Amino acid sequence: MAEETHLAEAVKRPNKRHIGKTKGSKARKKARKMPHSADGNRAMKPRKIDPKMKKLYRKRAREYDSEDDEKAGPLRNDDGSSSGDEAEGNDTRKADNGFSDGEEDDEIQPGITKLAEGCNAFRLAFRSIIKKTVSDDVLGPVLSGNKKLIAEKLAEEEAERKVKGEAKDKQLVIEKGHVAKPAYGPHEKFLINLATKGVVKLFNAVSKAQNAQKGLDPSRTKDAKVIRKRRKEAFFSELGKTSASAKAQMSKGAVASEGPAWPPLRDNYMLTNSNLKDWDKVRERVGKDDIGRMSEDSGSDDD
Amino acid sequence: MARFNNKRKPFVKPIAKKKLTTVDHVTGDKIPWSFVFSRGRLPGPLRQLKADLRKLLNPFTALNLKEKRRNTIRDFLNISGPMGVTHFLILSKTPTAPYLRVANTPQGSTLTFKIEEYSLAVDIKKSQKHPRCPKELFKNPPTIVLSGFVGEKHLTLASAMFRHIFPSIDANTVKLSSCQRILLLHYNKDTKLIDFRHYSIRLEPVGVSRRIRKFVQKHQVPDLRNLQDVSDFVTKAGYGSESEGDEEAETVTLASDLGRVNRASSKSAIKLQEIGPRMTLRLIKVEEGLCAGTVLFSEYDYGDGKKKDDNHEDAENEEDDGKDENEEEGSEDEEEGGEDMEED
């Protein structure tokens, strides 16, 4: 397909040429491409780069002219500008000559400066650069002039720092109250002593209670009876220690064993129960189960 | 018709319900069970603290209690009835501080503690040269020692609450080998802080050199290279164990033999070693209901305690919805409120 189209174009082109010659400027433009297209597809490629080259050529030409302004004068300028404008146009109009303009000038080609003679513009530029005093900047002397870049970089750093700070704050919130390295000061020693005292009390109480029933097996009914008797004795001995009023209340409690809410009764019961939960505390609270057991005990009193 | 009558219902084997030991075998006392869970999302260290607390409350707690974000307190409450759970320990967190709520179920009072400082069991372990953790340590409940909880009403309430979290000990029947851990709660009147410490109990025979004790404890052939005679092993004084003499108060006579070295006939010294977690708590609020109800006591004396309470609930509801941002906002609001109160 592609080949066919090429062929078709190839066929048409001669016609176009004719049309172009006969008709207006529009046709002319198309005709300009002619000589290259006639050479073939290969010729098309350099043609494509042309716009870039064109710019380059123009630039060089301008520079060349500006030099010449100082030297020669405006006359040359006209000449140069015309050559620059029609740099690409040369090929079409004067197909035979090509860049003949530049070659004919011979002395200085467009776009090429002869350094041997010395270039005033370069000299001036260098002088201006060298004269410039450069402040010590973060970005160095090369980009020293670019304030925008510096500002950008500083802003970036600031943002980074901010993000880091936020992360730190978050971590602080997470770790709030957490002491990763616990201290062992005098306070800790005091607490350990306190706890030790508590444990000693507990162990002593246990040994006191269990030594009393040593050699007795609570699973045997006979021993169980003995144990119960001893506990009862302990109970009453404890009662004897307390005030007379408490005793009186106790007897009342024994009679009305169903009454669950009877604080003095509970108090007394706690003494015999030897419930070590409260060994270091004031006795105050006993569950309902205990009261139930209490009533059983008081029942056994009668036996 | 007869046929139909003959048709018997298939026998369905009743599903054996695993019976929870809600009652002590020996004493018949009711055993308190507890749940430790969190409200809202906890950061890493606090999650670890939760695990530590569960370990501390072993064995009468739900060690692997799974919770989801949409679980409300009501869910836990519903399950607590059939499971025989009597106490909730609820951890929560605001930007100001972490909080611990201890509540009695189903409708009991709630104590809110602000956790001023805490160290995890891991931190304690790291800080010790020879951390101690025998296998049997967490198989029995700890005993609790309360000190300084006298005077005001809310203190007695707090002490009662803590005491009832753990099963009671009956002196007549208790085995000494089951007393391995101790939880100390010490109320400091001046600072109004509660020190929460957890220790392991170790017993050592008094008047026995370290060498012999080790020899008895371990079944290892001792190193006799540097000794002239076998008798030296017994007579030669070892280096350590100088600290034994001074603490007469710390020695006990055991009711029964304990282990290989601690005999009932000889005296034993009590050595405590800390096992985490360690906390410093401040009691800031006492509520009548379960995380609700009238405020019986408040550390920060503000006028409308009820209002603040409602805010707290709102924040919680937001958390339940599972919206992260909302949750954070809510907690921030809460924090602001809290700080205001502190300033007051």
Of B:Lys308, B:Lys285, the only residue that is modelled with pLDDT of 85 or more, outside any loop (DSSP other than H, G, I, E, B), of a type in the set (Lys, Arg) and touching a Gly at 6+ places or on another chain (Cβ under 9 Å) is B:Lys285
Out of (1) more than 11 Å from every other protein chain (Cβ to nearest Cβ); (2) open to solvent by less than 30 Å² (accessible area, probe 1.4 Å); (3) in a loop (DSSP other than H, G, I, E, B), what's the single condition that is false for B:Asn64?
(2)
Any residue that is open to solvent by 70 Å² or more (accessible area, probe 1.4 Å) and within 12 Å of chain B (Cβ to nearest Cβ) - is there at least one of those in segment A:154-168?
no
Under 8 Å between Cβ atoms, at least 6 apart or on separate chains: pull out the pairs that start in segment B:60-85 with a residue that is in the same structural domain as B:Gly40 (by TED's automatic domain parsing) and end on any residue that is of a type in the set (Lys, Arg).
B:Thr61/B:Arg54; B:Ala62/B:Arg54; B:Leu63/B:Arg54; B:Leu63/B:Lys55; B:Leu65/B:Arg54; B:Arg69/B:Arg41; B:Ile73/B:Arg39
Return the residue satisfying two criteria in turn: it lies in segment B:190-236 and is β-branched (Val, Ile, Thr), out of contact with any Ser or Thr (no Cβ under 6 Å at 6 or more places or on another chain) and touching a residue at least 12 places away in the same chain (Cβ under 8 Å), and of such residues it is most open to solvent (accessible area, probe 1.4 Å).
B:Val234
Of the residues in segment B:259-274, those that are out of contact with any Lys or Arg (no Cβ under 7 Å at 6 or more places or on another chain), more than 10 Å from chain A (Cβ to nearest Cβ) and either assigned to a strand (DSSP E or B) or not basic (Lys, Arg) (or both) number 5
So, of the residues in segment B:149-173 that are more than 9 Å from every other protein chain (Cβ to nearest Cβ) and assigned to a loop (DSSP other than H, G, I, E, B), which turns out to be surrounded by the most Cβ atoms within 10 Å (Cβ to Cβ)?
B:Glu152
So B:Ser80, is it under 17 Å from the mean Cα position of the chain (by Cα), open to solvent by less than 40 Å² (accessible area, probe 1.4 Å) and under 26 Å from B:Leu185 (Cβ atoms)
no
Those residues that are charged (D, E, K, R) and either modelled with pLDDT of 90 or more or under 24 Å from B:Pro277 (Cα atoms) (or both), I need them from segment A:162-179; list them, please.
A:Lys162, A:Lys170, A:Glu175, A:Lys176
If B:Glu204 satisfies every condition in (1) in a strand (DSSP E or B); (2) within 11 Å of another protein chain (Cβ to nearest Cβ) but one, which is the exception?
(2)
If you scan segment B:89-136, which residues turn out to be surrounded by fewer than 19 Cβ atoms within 10 Å (Cβ to Cβ), in contact (Cβ under 8 Å) with a residue 40 or more places away in the chain, within 14 Å of chain A (Cβ to nearest Cβ) and assigned to a helix (DSSP H, G or I)?
B:Val122, B:Lys125
Of everything in segment A:169-196 that's within 7 Å of chain B (Cβ to nearest Cβ) and over 45 Å from the mean Cα position of the chain (by Cα), which residue is surrounded by the most Cβ atoms within 10 Å (Cβ to Cβ)?
A:Ala195
Every listed condition ((1) under 55 Å from the mean Cα position of the chain (by Cα); (2) more than 8 Å from every other protein chain (Cβ to nearest Cβ)) holds for A:Ala212 save (1)
Residues being within 11 Å of chain A (Cβ to nearest Cβ) and surrounded by fewer than 21 Cβ atoms within 10 Å (Cβ to Cβ): count how many of those fall in segment B:137-148.
2
Can you spot a residue in segment B:168-179 that is over 27 Å from B:Asp75 (Cβ atoms) and in contact with a Gly (Cβ under 9 Å, 6 or more places away or on another chain)?
yes
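The values are calculated or read from the model by the stated rules, or taken from the named source; none is laboratory data. In this text the structure is predicted, and so the values were computed from the model without any measurement. Because the Cβ atoms are built from the backbone with ideal geometry, glycine has one as well, and the counts that use them run over all protein chains shown. Keep in mind that these areas ignore ligands, DNA and RNA; they rest on the heavy atoms of the full protein, side chains included. Shrake-Rupley method; radii C 1.70, N 1.55, O 1.52, S 1.80 Å.
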